[in-house]
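K.L.:
Questions regarding the structure given below will be posed in turn.
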Amino acid sequence: YHWLKVHQNNSTGLVISFEGDIQLDDWAFTYDQALVSQVFTMFGDYQRARKIFNFYRAKTKKDFQGFVNAYYASTGDEAEYIVHSGPNLWLGIAIVQYTLKSEDGQYLSLAKKIADWAISIQDKDPEGGIKGGPRARWFSTEHNLDAFAFFNMMYKLTEEDKYQVAAERSLDWLVAHAYDKKV
């Protein structure tokens, strides 16, 4: 917790992901920011968690197509231009956990944007799977497990049926494609 506090950039709110790696110097991966914000939330340090969420809220475009995998911690500029489903889903999970623990609903609209974007990816697969990202051709069990958890959390928080339906579709995909009945 202390290391994360010390390494949080004051202007962007992001925490570098790989200290000492010159190839990834100053990179802040979205997945890592989701985990960092969860640590801040668990410690009741809502102000630091909000800095991260404020960064992503400011990066949200009207036609939201997901957040890129990495930004520069010092400037907030995009460091990696690829958009993957998993880091976005984890950011949504972090926002839901923050919302529940802090009782602060100001980021719920951001979680909804992420969830609705993930549903748009899910809707492109007749079997209800979540691809690795909007341009990916591959599916991952991990991303679909993340989606299942996130959609369930969103349904419990909002009671909006579309999230329960999305969770059920994720589970159906997992059972059909990731579950090995022989084991």
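K.L.:
Report the gain in length on full extension from Ser102 to Gln47: 0.36 nm times residue separation, minus Cα-Cα distance, nm rounded to one decimal.
P.N.:
Details: separation 55, 0.36 × 55 = 19.80 nm, distance 1.04 nm.
Once the chain is fully extended between Ser102 and Gln47, it gains 18.8 nm.
K.L.:
Using Cα centres only, tell me the gap between the stretch 45-59 and the stretch 83-113 in whole Å.
P.N.:
Measuring centre to centre over Cα atoms gives 11 Å.
K.L.:
So what's the angle, to the nearest 10 degrees on a 0 to 90 scale, between helix 141-158 and the longest Cα principal axis of the chain?
P.N.:
With both axes taken from Cα atoms, the answer is about 80 degrees.
K.L.:
What order do His143, His7, His177 take when sorted by accessible area (1.4 Å probe), most exposed first?
P.N.:
His177, His7, His143
K.L.:
If you don't mind, another one. Leaving out ligands, DNA and RNA, and with a 1.4 Å probe, what % of the accessible surface on the chain is carbon or sulfur?
P.N.:
Details: 4990 of 9680 Å².
The C+S portion of the solvent-accessible surface of the chain is 52 percent.
K.L.:
In nm, to one decimal, how far is the modelled label at Val175 from the one at Trp138, with both set 7 Å along Cα→Cβ?
P.N.:
If labels sit at Val175 and Trp138, their model points lie 2.7 nm apart.
K.L.:
Do any of Lys101/Lys162; Lys51/Lys162; Lys62/Lys162; Lys101/Lys182; Lys131/Lys182 go past 32 Å between their Cα atoms, and which?
P.N.:
In this structure, Lys101/Lys182 lie more than 32 Å apart at Cα.
K.L.:
Over the chain, average the accessible area per residue using a 1.4 Å probe and give it in Å², no decimals.
P.N.:
Each residue of the chain exposes 53 Å² on average to a 1.4 Å probe.
K.L.:
Rounded to the nearest 0.05, what FRET efficiency do Lys182 and Asp123 have when you use their Cβ-Cβ distance and R0 = 25 Å? Provide the component values of the computation, followed by the final result.
P.N.:
On the way: r = 31 Å, r/R0 = 1.25.
That pair, Lys182 with Asp123, gives E of 0.20.
K.L.:
Residues with amide H under 5 Å of Ala79's amide H, sequence separation 5 or more or different chain, H placed in the peptide plane at 1.01 Å from N; which?
P.N.:
Placed amide hydrogens put Ala70, Tyr71, Tyr72 under 5 Å from Ala79.
K.L.:
Ordered by residue, what ³J(HN,Hα) values in Hz, to whole numbers, does the stretch 15-30 give under the Karplus form 6.51 cos²θ - 1.76 cosθ + 1.60, where θ = phi - 60° and Gly and Pro are x?
P.N.:
So the J values, rounded to whole Hz, are 10, 4, 8, 9, 5, x, 8, 5, 6, 10, 4, 6, 7, 10, 6, 4.
K.L.:
Continuing with the same structure: Mind ranking Arg48, Arg57, Arg135 by accessible surface for me, highest first, 1.4 Å probe?
P.N.:
Arg135, Arg57, Arg48
K.L.:
Sequence-distant or interchain residues sharing an amide H contact under 5 Å with Val15, placed H: which?
P.N.:
Counting only residues 5 or more places away or on other chains, the set is Asn9.
K.L.:
Below 14 angstrom from the Cβ of Lys162, what's the summed charge of the other residues (Lys, Arg +1; Asp, Glu -1)?
P.N.:
-2
K.L.:
Calculate one ³J(HN,Hα) per residue across the stretch 106-117 by plugging θ = phi - 60° into the Karplus curve 6.51 cos²θ - 1.76 cosθ + 1.60, and present them in order as whole Hz with x for glycine and proline.
P.N.:
5, 9, 4, 5, 5, 4, 5, 4, 5, 5, 5, 5
K.L.:
Using θ = phi - 60° and the Karplus curve 6.51 cos²θ - 1.76 cosθ + 1.60, what whole-Hz ³J(HN,Hα) does each residue of the stretch 46-51 get, with Gly and Pro shown as x?
P.N.:
5, 4, 5, 4, 4, 4
K.L.:
Between Glu19 and Trp3, what length comes free when the chain is fully extended (0.36 nm per residue of separation minus the Cα-Cα distance, one decimal in nm)?
P.N.:
Stretched fully, the Glu19-Trp3 segment lengthens by 4.7 nm.
K.L.:
On to the next question. Which label belongs to the value computed from this structure, given these candidates for Cα extents along the principal axes in Å: (1) 46, 39, 38; (2) 56, 50, 29; (3) 126, 37, 32?
P.N.:
Answer label, from the structure shown: (1).
The values are calculated or read from the model by the stated rules, or taken from the named source; none is laboratory data. Given the structure is predicted, the values throughout are model-derived calculations rather than measurements. We place every Cβ from the backbone using ideal geometry, glycine too, and count neighbours over all the protein chains shown. Note: accessible area is taken over every heavy atom of the protein model, side chains too, but ligands, DNA and RNA are not part of it. Shrake-Rupley method; radii C 1.70, N 1.55, O 1.52, S 1.80 Å.
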